[in-house]
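Asks: Pasting a structure below so you can have a look.
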Ligand SMILES: Cc1cc2nc3c(=O)[nH]c(=O)nc-3n(C[C@H](O)[C@H](O)[C@H](O)COP(=O)(O)O)c2cc1C
């Protein structure tokens, strides 16, 4: 998809977008409508009459289901996204001419994902020189929020060592017309770039906050792409085609953006951020985050301002998380080939929540090896609870998972608590500052050596001859 506008047109053609002509207030009202529609599994919304902002429209709930995200990205299966990178890297070397041509094609395709620099972005049509945060329709989403929040802003920074681009979806709290608080958490790439320049004694880092782009680029902002993979390159992989970018104050930003806030993040000035009604369904209390100073705002003519609302699941972030789970499964399998499937139930919260992982077990302690590996793998390190089940248990069927836990777990042997570990900063049940503990449950069948020297019992199975007989004689009764 070319941009946000094309995505909204596609949603409309699928009957998945509702235009709202009634006037809506960005102060709480727009968020309440967005939430109610999302809880009712309703359509994406395009508000065409925004109170106080003539000429601006607001859009939300584009990522309304995994199926909608799949269609927006134009793939048969979301796993294809990860496979675009993992497949060429994890196949046997080509031998015959046909195989060589195919491999060459796949390798060249990776090359075609390089972002393409263009001279000018559509967003450069208009510019606001002062008080830009007051002149764009930034919503307040919950009554006790500390202020208005850019809730779907892709913050672009440049890594000072490698020059690669970061682009993370972090909320940004408006303080006044020209200042905001940048809520990049300590484990995220924006924070890493900021920390590096701070270490070198620099007082600021350039940053651009992008609102509204094509669905692939917007989703990439929320993806845990490991450093130092370039996030704009990754956006092109997700889109399936090179992302066009423009250079702006030394940063590369998507040319198809609706709105771009350009400024600097201070390394020494920290401000209170929050409270904010968060993904958890609770208000995250105030904490110190760096100040963002706005220099200019660019926007397309007839601009569409994209926002999202978080709160108790299931809201838009739940489906974004699910889509990422699917798209990243191939990477997980590349680093841990024993992994068969994963389910991060959206009610268990996407980051910092619960993951159920099925594995093809081969040796004693295998489940714990996978847990420890995952807790060391990028942002999977934030997951609080990992449950490992055998390959024949469907992790998406919670009934099967409970059955596995009930029949395989001896808590003193199979439950692992890791104290004083990394955890999601949003976890109010843990210690402050993203420092908490982990729970791992090994719900795999145990090998003799794991099972106190006892053979694992045989599972019940019917007698094959009786099965045949019942198939024949009881069919007429629907059995
Ligand atoms: C709706 C939404 C809001 C988010 N808000 C934040 C945020 O305020 N701060 C943060 O650090 N991560 C936030 N995240 C998670 C990050 O987007 C995610 O961890 C992503 O991997 C960050 O990019 P990075 O890994 O390149 O830093 C949010 C995710 C979603 C879906």
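The values are calculated or read from the model by the stated rules, or taken from the named source; none is laboratory data. Keep in mind that this is a model prediction, so the values were computed, not measured. Here Cβ is always computed from backbone atoms with ideal geometry, including for glycine, and neighbour counts include all displayed protein chains.
Asks: Could you count how many residues in region 264-276 are surrounded by fewer than 23 Cβ atoms within 10 Å (Cβ to Cβ) and in contact with a strand residue (DSSP E or B) (Cβ under 7 Å, 6 or more places away or on another chain)?
Replies: 9
Asks: Could you grab me the full set of residues in region 170-192 that are more than 9 Å from the ligand (Cβ to nearest atom) and farther than 21 Å from residue 427 by Cβ?
Replies: The answer is 174, 175, 176, 177, 178, 179, 180.
Asks: Looking only at residues in region 346-366 that are at pLDDT 95 or above and touching a helix residue (DSSP H, G or I) at 6+ places or on another chain (Cβ under 8 Å), which one is surrounded by the fewest Cβ atoms within 10 Å (Cβ to Cβ)?
Replies: Among residues in region 346-366 that are at pLDDT 95 or above and touching a helix residue (DSSP H, G or I) at 6+ places or on another chain (Cβ under 8 Å), the one surrounded by the fewest Cβ atoms within 10 Å (Cβ to Cβ) is 354.
Asks: With the condition kept exactly as written, say whether any residue in region 448-467 is outside the structural domain of residue 343 (by TED's automatic domain parsing) and surrounded by 14 or more Cβ atoms within 10 Å (Cβ to Cβ).
Replies: Within region 448-467, one or more residues are outside the structural domain of residue 343 (by TED's automatic domain parsing) and surrounded by 14 or more Cβ atoms within 10 Å (Cβ to Cβ).
Asks: Kindly indicate the residue of region 295-312 that is in a loop (DSSP other than H, G, I, E, B) and surrounded by fewer than 21 Cβ atoms within 10 Å (Cβ to Cβ) and also nearest to the ligand (Cβ to nearest atom) among those meeting that condition.
Replies: Per the criteria, the residue is 311.
Asks: Might you let me know whether region 409-422 holds any residue that is surrounded by 13 or more Cβ atoms within 10 Å (Cβ to Cβ) and within 16 Å of the ligand (Cβ to nearest atom)?
Replies: yes
Asks: Still on this model: Answer yes if at least one residue in region 137-147 is more than 16 Å from the ligand (Cβ to nearest atom) and either under 15 Å from residue 293 (Cα atoms) or not assigned by TED's automatic domain parsing to the domain that holds residue 291 (or both), and no otherwise.
Replies: No, because not a single residue in region 137-147 is more than 16 Å from the ligand (Cβ to nearest atom) and either under 15 Å from residue 293 (Cα atoms) or not assigned by TED's automatic domain parsing to the domain that holds residue 291 (or both).
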